[in-house]
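Structure first, then comments.
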Number of protein chains: 2
Amino acid sequence: MNDSSKILKILKKAPLFENCDPERVALFATQSSIISVEKGQMLFVHEEPAKRFFLILDGWIKTFRETLDGGQVIVDILPAGEIFGETSLFEGEFYPYSAEAVESSRLISMPLSLLKTEIDQDPKMISAMLTNMARIRREQDRELEHLKIQNAPQRIGCFLLRLTKQEEEGQVKIQLPYDKSLVAARLGMQPETFSRALAKLKDATGLEISGSTILLQDIKQLIHYSCSACSSEFPCKDLTEKSGCNL
Amino acid sequence: MNDSSKILKILKKAPLFENCDPERVALFATQSSIISVEKGQMLFVHEEPAKRFFLILDGWIKTFRETLDGGQVIVDILPAGEIFGETSLFEGEFYPYSAEAVESSRLISMPLSLLKTEIDQDPKMISAMLTNMARIRREQDRELEHLKIQNAPQRIGCFLLRLTKQEEEGQVKIQLPYDKSLVAARLGMQPETFSRALAKLKDATGLEISGSTILLQDIKQLIHYSCSACSSEFPCKDLTEKSGCNL
DNA sequence: TCATGAAATTGACATTAGTCAAGGAAGAGT
DNA sequence: ACTCTTCCTTGACTAATGTCAATTTCATGA
């Protein structure tokens, strides 16, 4: 099986393409390529002219911006199944953030120009784009709420809860998907604050920490602790819907 | 001129409809009505089944949610020209927030059911919807960045800057559009913090405060103070593009 | 097994924001 | 002009988070 047909097979299952005309998806496949990136490698830089967008096959991609006084703000840490760079279409064809692999990752790289022309011609694709955009908007919305009203331990608790499977109950084992300092940055706090807040969470809910593995004695305790300062009970609605993650 | 033709005239200029088939816009006009709401009046409640969405003609609409432990989180304070409630389409037809008039306001009330059917039939409309969604996503993105890295005085400074016209230079007079305590809530801080942070901003940039009027001696000073902790120079890119505000 | 470096934790302290309570200003209506 | 009421400000204090520096832990490869 060559690269193009391999890509086609993957794209057909991706949320952005699944309902689209197969011939159009094939067009994407022929103009795309699978690329591998090392940990730390940049994919593109904020405000650079945008040529391509990406679908993550595996690994983790960090999107971020730098402030004028030299700070770094994480936009998101994206898992397999997510696309990124596609919003450049609405930003004058410049990337609205930088992107870097935080683990060795494999991606499908696709031309933005094609997305731009296809979006105007295939209502199915524009519809998928809108659905995806609505999903991200909802997540941003939740995140804004959390930054405004949850404290550091509660934000960590919420992050942990979102790593569990929905059907899990009672004792749950969680594996942090990447470095603690990266989780901290993702949640908008310092590594030191993360460390101390996690300890506070341990005292408050009885969870056990060993390295990057966290064992919840009872998930309900954590839900009670974190979700009380949130506008919806766990599981958050955005989790119960289909995400971009099932390739 | 009757209500329906008055509405039609307005809708034709609204971002969501301007490029759409005029016959379809007329369909909206016939099924819509202009409503007036008093200050404090609720338009809908979070998680209620969503029947209608709204276009603001004048006044200010607050969207917000309540947390389980009784707090209130402001989602946004929307000006004339904005639509709201339309995202219910992507939330299982429940409102994703509550909405209340913070000033006496006039609105066009439209049925969501119509939006739902039309969106599937008119690519122009779905395209407008996507453009609008992308705009809001960009604003949320900026807001997330600000919450993560700007302190209270900087966030206020940024809020003030966004109230100025882009071409203004040097001395600029700003009128706060609504109560200070509401601005505070909008920016995710307590009224006391707002009051003190504004005083700090005054010391740092030499602005003058008298009631709800703020006089900047030199807008550049404020830009330097606020935008240094931001990833883009003023004027923010989202301001230079067309917003939903020009009815 | 040891050496190395990165990540994580901890302590001490500074800064920032929140809380509670009291007092003052401003506007609406009599 | 006066009295509400509501909003705003200020003070005193507490709590949360950030900063800087010093260790400690841990994974990794020599």
Practice task
Before rounding to the nearest 500, sum -39500 (n - 2.57) across all DSSP H runs of length at least 4 in chain B and divide by the residue total; then give [θ] at 222 nm in deg cm²/dmol.
Solution key: -12500 deg cm²/dmol
Handout entry: Charge dipole of the protein assembly as shown about the Cα centre (unit charges at C-beta), most positive-ward option of B:Ser212, B:Ile108, B:Leu55
Key = B:Ser212
Fill in the blank from the handout: Those GluC sites (Glu not before Pro) from segment B:87-120 that are DSSP loop and have at most 14 other Cβ neighbours within 10 Å turn out to be B:Glu93
Exercise for the section: Once the label point is placed 7 Å from Cα along Cβ, list for A:Ser36 the distances to the corresponding points in the other copies, in nm, shortest first. Expected result: 7.0
Handout entry: Whether the protein assembly as shown is rounded, prolate or oblate, judged on the alpha carbon gyration tensor where a/c under 1.5 counts as rounded
Key = rounded
Exercise for the section: Please report, in whole Å, how far the alpha carbons of segment B:15-116 spread along each principal axis, starting with the longest. Expected result: 48, 30, 19
Handout entry: Other protein chain Cβ atoms within 10 Å, averaged over every residue that makes up A:66-76
Key = 5
Fill in the blank from the handout: Here, GluC sites (Glu not before Pro) of segment B:36-68 satisfying both criteria (DSSP loop; at most 13 other Cβ within 10 Å) are B:Glu38
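For Cα pairs less than 8 Å apart in space and 6+ apart in sequence, what is the mean separation divided by the residue count of chain B, i.e. the relative contact order in percent?
Values: 401 pairs, mean separation 51.2, N = 247.
In percent, rounded to a whole number, it is 21.
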Exercise for the section: Mind telling me which of B:Gly81, B:Gly70, B:Gly170 comes out most flexible in a GNM of chain B, alpha-carbon contacts under 10 Å? Expected result: B:Gly70
Exercise for the section: Grab segment A:151-239 and count how many Lys pairs have their alpha-carbon atoms under 16 Å apart, sequence gap of 8 or more, or different chains. Expected result: 8
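Starting from the Cα gyration tensor of chain A, take the square roots of the eigenvalues, sort them a ≥ b ≥ c, and report rounded, prolate or oblate (rounded when a/c is under 1.5, otherwise prolate if a/b is larger than b/c, else oblate). Show your work: numbers first, answer last.
Details: a/c = 1.99, a/b = 1.71, b/c = 1.16.
Since a/c reaches 1.5 and a/b is larger than b/c, the shape of chain A is classed as prolate.
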Fill in the blank from the handout: Label points for B:Glu168 built 7 Å along Cα→Cβ; distances to same position in the other copies, nm, shortest first, come to 5.1
Handout entry: Amide H partners (placed H, <5 Å) of A:Gln41, local residues excluded
Key = A:Ala101
Exercise for the section: Please label the shape of segment A:151-239 as rounded, prolate or oblate, based on the square roots a ≥ b ≥ c of the eigenvalues of the alpha-carbon gyration tensor (a/c under 1.5 means rounded; beyond that, a/b larger than b/c means prolate, else oblate). Expected result: rounded
Practice task
Taking each label point as 7 Å beyond Cα in the direction of the beta carbon, state the distances from B:Lys51 to the same residue in the other copies, shortest first, in nm.
Solution key: 5.5
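Just so you know, all these numbers are worked out from the coordinates, no wet-lab data involved. All figures in this text were calculated on a predicted structure; none of them were measured in a lab. FYI the Cβ positions are ideal-geometry reconstructions off the backbone, even for glycines, and counts take in every protein chain you see.
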